[in-house]
1. Percent of alpha carbon pairs in the stretch 138-267 separated by more than 20 Å?
2. One quarter of the convex hull surface, Cα atoms only: what value does that give for the chain in nm²?
3. So how many Å³ per residue does the convex hull of the Cα atoms of the stretch 284-369 work out to?
4. Students often check this: by mean Cβ neighbours within 10 Å, which of 161-169, 191-199, 214-222, 135-143 ranks highest, and how do the rest follow?
5. To one decimal place, what Kirkwood hydrodynamic radius in Å is obtained for the stretch 38-163 from all pairs of distinct Cα atoms?
6. On a 31 Å Cα-Cα criterion, which of the cross-link pairs LYS159/LYS242; LYS54/LYS144; LYS63/LYS178; LYS104/LYS144; LYS63/LYS256 come out too long?
Amino acid sequence: MDRSTNAKPGRRAVVAALVALAGAVGCGGGGQTRLATANRAVPKELRALFPVVKDGKWGYIDKSGEIAIAPRFAAARAFSEGLAAVATGAGDNLTWGYVDQTGKLVVNPRFDEAAEFQSGLASVNVGGRTQRLSATRAVFRGGKYGYIDRSGKYIVEPKYDRAWSFSEGLAVVNVGGKDGFIDASGSFVIEPRFDFAGAFREGLAHVKVGDNYGYINSKGDMVIEPQFSDAWHFSEGLAAVKTRGPSGNNWGYIDKSGKVVIEPRLARTMSFSEGLAYAEVAGTTGFIDRAGRFAITVANKLGLPVFSDGLACVWIGGKYGYVDPAGDIAIRPQFDEASAFSGGLARVTTAGKCGYIDTTGAYVWEPTR
């Protein structure tokens, strides 16, 4: 469960709570224990593998589109630090474990939810259940969260109401409705006292106190006082914040000292990525530079408004495609759904089938389901 993005109740579903219908990416108090034999070492040689579905079963391909792990799982998630969460079962009744890049089950399925590994640890849930919201969406509720190492041993026994992945050595956990931060031993570094806490990024984390958001450092000191009605994490030295005002155009950007560097005049914003940030104002949609000027404008709202691998997803004429940093169409809009590029590939969906394209728009894995 990752809080590096803007994960606030009511605006984006908490990763620990929402699960896709397919159970995979895209398509579809108690005592704590510190184990002396904790296995957190991350393999040095890792290759990029991508989850795919074929005939209803999930497996993995490599960047060239060749099958690396034959489809045999009920659900599969992305690799991180050489391991990936995979599930057995069917429908909403899934049990999660982890495979390595050879396809070997290194942690047998026994968890009701499982997140990606970060810093050698992964948050897992026991006792929770999936509840159906609609035909295509479900919410995961209940149970307790803890952390395991790469061998599947508990480093922190399940006791948290919610728990997110580690970032910069700390992880957000929720106890009794309040968020705090623990270290890799499960000890609280910052006691649960926030109504919301985002993951640490670039040394700071955005937190909510009452109705306002501010920023803390890794010691828990408030370095930018709570004063914003909304806030995002820092990226490339800047963070999007929202001030209160009569109009909805109250988003701007601050630096790490709290100084406003882009005045709050925007209707919507996102974090900076590759020197640009998505923004909307007065009917104009596109990407702004660090001076707050629109470097790219597009006729329609963006599908996934961040640049990665030099491309950003756009929605034009009812279909998704990709633009380059100059704002030119690099891959024509033709997909029903599309993700950001990662490791040179992007997952796309057409007619309910999932495939992967490279940065030229060519399929390396034709859509399947």
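FYI, it's all coordinate maths here, none of it is from the lab. Just so we're clear, the structure is a prediction, and the values are computed from it rather than from any experiment. When we count neighbours, we look across all protein chains shown, and the Cβ atoms used for this are built from the backbone with ideal geometry, even at glycine.
1. Every Cα pair in the stretch 138-267 considered, those over 20 Å come to 48 percent.
2. The number I arrive at for the chain is 18.0 nm².
3. It is 78 Å³ per residue.
4. 161-169, 191-199, 214-222, 135-143
5. Evaluated on the stretch 38-163, it is 15.0 Å.
6. From LYS159/LYS242; LYS54/LYS144; LYS63/LYS178; LYS104/LYS144; LYS63/LYS256, over 31 Å: LYS159/LYS242; LYS54/LYS144; LYS63/LYS178; LYS63/LYS256.
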